[in-house]
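Peer 1: So that we are looking at the same thing, I have put the structure below in structure tokens.
The numbers here are math on the coordinates, done by the rules we state, and not lab data. Since this is a predicted model, take the numbers as computed values, not measurements. Note that we place each Cβ from the backbone using ideal geometry, even for glycine, and neighbour counts take in every protein chain shown.
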Amino acid sequence: MNGIGLDQLQLENRFSLLSESFYSPVTPQPLKKPHLVAFSTEAAELIGLDPGRATPEQLSELFGGHRSLEGSNPVATVYSGHQFGGYTPQLGDGRAVLLGDLAGSDGQRWELQLKGSGKTPYSRHGDGRAALRSVIREYLCSEALAALGVPTTRALCIIGSETQIYRESIEFAANMVRMSPSHIRFGHFEYFYYTRRPEQLKQLADFVIQHHYPHCVEMDNPYLAMFSEVVERTARLIAKWQSVGFCHGVMNTDNMSILGLTLDYGPFGFLDDFQPGYICNQTDEQGRYAYQQQPSVAMWNCVCLAQSLMGLVKQSDLEAALNLFEPTYAVAYTEQLKLRLGMAGHINNDGQLIESFLRLLELAKCDYNAVFLALEKAASGDVESVTALLGGTTEVSEWLSLYLDRLDANALTLMARNNPRVILRNYLAQQVIERAEKGDFSDLAQLHAALRAPYSDALDIYSRDTPEWGKNVSLSCSS
Ligand code: AMP
Ligand code: MG
């Protein structure tokens, strides 16, 4: 590709044009002996960067905090949020700085954030750093979800270091360059609402509309138009999560993107066995953010955002917009599952077929991803694997025959395009992390390559069933 070199990237910082009530200027703290751990050529292409003109040394120097990019004006932004249902009055970028934004190859503007770059005024008791293992997880998962067509922030590169940090044990710190058209969260709005600063809240909403929802300016009430779209985007995002079996783990309002993107990867997990109650976050004892709770929690989060917009939009209009969530989610979820099941078009009892399928899955508790691949085999005449997974009951065979009758000649093509051969199972991430912590990044690059092309035949090591020890792990928030 004809991209530009790293030195030619020209940053602005549009967010920093807002007043200082929205952020604090900060300087990234240099990492000791920074070195390149991973680099995403796809992400580079999005910002018009030629991967061949970004050497590991240049990347490490720049994103290890030893030199700054032309035009960068690093700031940490302030937000708040509802965490596990309770309101925390002040959060903010405690270990990330917004370096600025630039025009990508297709004109889209991308913000670059450096995550892990040291303390900011919002670090509270934290050290402002990120452990190598946690940025590897975010890097792999954001690039994996992007390849699956799930809206998400992106990851450009990881810079490892010899800076020691203290978690459950001593670990090495790393930086990740995160990219997103915007990193604004529901919590940014909540902060100005709860600190009773309607002027700033309006400025923030105007900023978001101007840069990210410009078509809303034409509407009767641009704030309502923006909010309605946020609700719809959020509903469609969660439908995609549910369909690919992704559990976010910490769906606090400060982790909800105003653009409906997957944001802030912590103790996330993909379903291994189909367990609707699966909790991927060890600290979430009540299962507030369990897999099956994600749609209702997302709706709850939209209600929090609505509350913050009370000064800009009439309550009845906010309620009407919130009512878009459920139908949007239901339509999008059915659509996604039908793609995975190879069901083109619309037939009256499709809804029932899907419901029965989910009930069978729940009874069988079999591997969620493998069952779709087994159904592909069944669609080409071999029902052995699907019967092995779902069981050989009359209910299964009755459902299977109704389902197979429903499929048309294009079913196999549709399924092959929508059922990943590889997903980022926790145990796969864990294996590459252990190698990376010993300084070997080759497995990381190999897994990343597989996740970038999830619908191509994957290496055997990635398509195997999850070993018992690696199933349904629940991770701590420590990162
Ligand atoms: P999270 O649960 O990762 O979404 O983070 C919640 C809040 O804690 C955010 O304001 C983060 O910026 C902050 N935070 C998380 N880890 C650290 C850290 N190591 N140092 C400083 N702040 C942190
Ligand atoms: Mg967060």
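Peer 1: How about the stretch 195-300: which trypsin sites (Lys or Arg not before Pro) there are in a DSSP loop, with at most 10 other Cβ atoms within 10 Å of their Cβ?
Peer 2: Arg196
Peer 1: Under a plain spin-label model, where a point goes 7 Å from the Cα along Cα-to-Cβ, how far apart in nm are Trp469 and Ala445?
Peer 2: 2.8
Peer 1: Mind checking which of Leu322, Ala409, Pro267 is farthest towards the positive end of the chain's charge dipole, using Cβ charges of +1 (Lys, Arg) and -1 (Asp, Glu) about the Cα centre?
Peer 2: Going by the charge dipole, the pick is Pro267.
Peer 1: Another one. Nearest 20 debye, what's the magnitude of the dipole of the stretch 345-407 about its Cα centre given +1 on Lys and Arg Cβ and -1 on Asp and Glu Cβ?
Peer 2: Rounded to the nearest 20 debye, it is 60 debye.
Peer 1: I'd like the distance between the alpha-carbon centres of the stretch 429-479 and the stretch 13-30, rounded to an integer number of Å.
Peer 2: Taking the Cα centre of each part, the stretch 429-479 and the stretch 13-30 sit 36 Å apart.
Peer 1: Tell me, what ³J(HN,Hα) does each residue in the stretch 35-45 have, in order and in whole Hz, if you take phi through Karplus 6.51 cos²θ - 1.76 cosθ + 1.60 with θ = phi - 60° and put x for Gly and Pro?
Peer 2: Ordered by residue, 3J(HN,Hα) equals 9, 6, 9, 7, 8, 9, 5, 4, 5, 4, 4 Hz.
Peer 1: In addition: At 222 nm, what helix-only mean residue ellipticity would the chain give, in deg cm²/dmol to the nearest 500, using -39500 (n - 2.57) for each DSSP H run of four or more?
Peer 2: Rounded to the nearest 500, it is -13000 deg cm²/dmol.
Peer 1: Given the options Ala76, Leu6, Ser134, identify the residue whose Cα lies farthest towards the positive end of the charge dipole of the stretch 1-148 (+1 on Cβ of Lys, Arg; -1 on Cβ of Asp, Glu).
Peer 2: My answer, from the dipole projection, is Ser134.
Peer 1: Among the listed pairs Lys365/Lys471; Lys115/Lys471; Lys32/Lys119; Lys202/Lys314, which have their C-alpha atoms separated by more than 20 angstrom in this model?
Peer 2: Check vs 20 Å cut-off fails for Lys115/Lys471.
Peer 1: Which lysines, if any, have their Cα less than 19 Å from the Cα of Lys377, not counting same-chain residues under 8 positions apart?
Peer 2: Lys338
Peer 1: Between Ala409 and Lys314, what is the label-point separation in nm under the 7 Å Cα-to-beta-carbon projection?
Peer 2: Distance between label points: 5.4 nm.
Peer 1: Moving on to the next point. Fewest to most neighbouring Cβ within 10 Å: what's the order for Ser117, Ser180?
Peer 2: If I rank by nearby Cβ atoms, fewest first, I get Ser180, Ser117.
Peer 1: Next question. Which aspartates and glutamates have a Cα lying under 15 Å from the Cα of Lys438, excluding residues fewer than 8 positions away in the same chain?
Peer 2: Glu162, Glu171
Peer 1: I'd like the distance separating the alpha-carbon centroids of the stretch 189-262 and the stretch 44-97, in whole Å.
Peer 2: 20
Peer 1: Within the stretch 1-125, what percent of beta bridges assigned by DSSP are antiparallel, to the nearest 5?
Peer 2: Looking only at bridges with both residues in the stretch 1-125, the antiparallel portion is about 95 percent.
Peer 1: Could you estimate the translational diffusion coefficient of the chain from the Stokes-Einstein equation, with Rh from the Kirkwood formula over C-alpha pairs, at 10 °C and 1.306 mPa s, in whole µm²/s?
Peer 2: Answer, rounded: 68 µm²/s.
Peer 1: Right, something else. Between Gln203 and Lys365, what length comes free when the chain is fully extended (0.36 nm per residue of separation minus the Cα-Cα distance, one decimal in nm)?
Peer 2: Extra length from Gln203 to Lys365 when fully extended: 53.4 nm.
Peer 1: Next up: Let me know the charge dipole size of the chain about its Cα centre in debye, to the nearest 20, where only the beta-carbon of Lys, Arg (+1) and Asp, Glu (-1) is charged.
Peer 2: Here the size comes out at about 920 debye.
Peer 1: Arranged from highest to lowest average of other beta-carbon atoms within 10 Å per residue, in what order do the peptides 291-299, 367-375, 352-360, 128-136 appear?
Peer 2: The most tightly packed comes first, giving 128-136, 367-375, 291-299, 352-360.
Peer 1: Applying 1/(1 + (r/R0)^6) with R0 = 41 Å to the Cβ-Cβ distance of Gln431 and His211, what FRET efficiency is obtained, to the nearest 0.05?
Peer 2: 0.55
Peer 1: Ordered by packing density, taken as the mean number of other Cβ atoms within 10 Å over each peptide's residues, highest first, how do 262-268, 14-20, 344-350 rank?
Peer 2: By packing density, highest mean first, the sequence is 262-268, 14-20, 344-350.
Peer 1: Just to confirm my numbers, what's the Cα centroid distance between the stretch 141-167 and the stretch 344-382 in Å?
Peer 2: 32
Peer 1: Counting only DSSP beta bridges with both residues in the chain, what percent are antiparallel, rounded to the nearest 5?
Peer 2: 95
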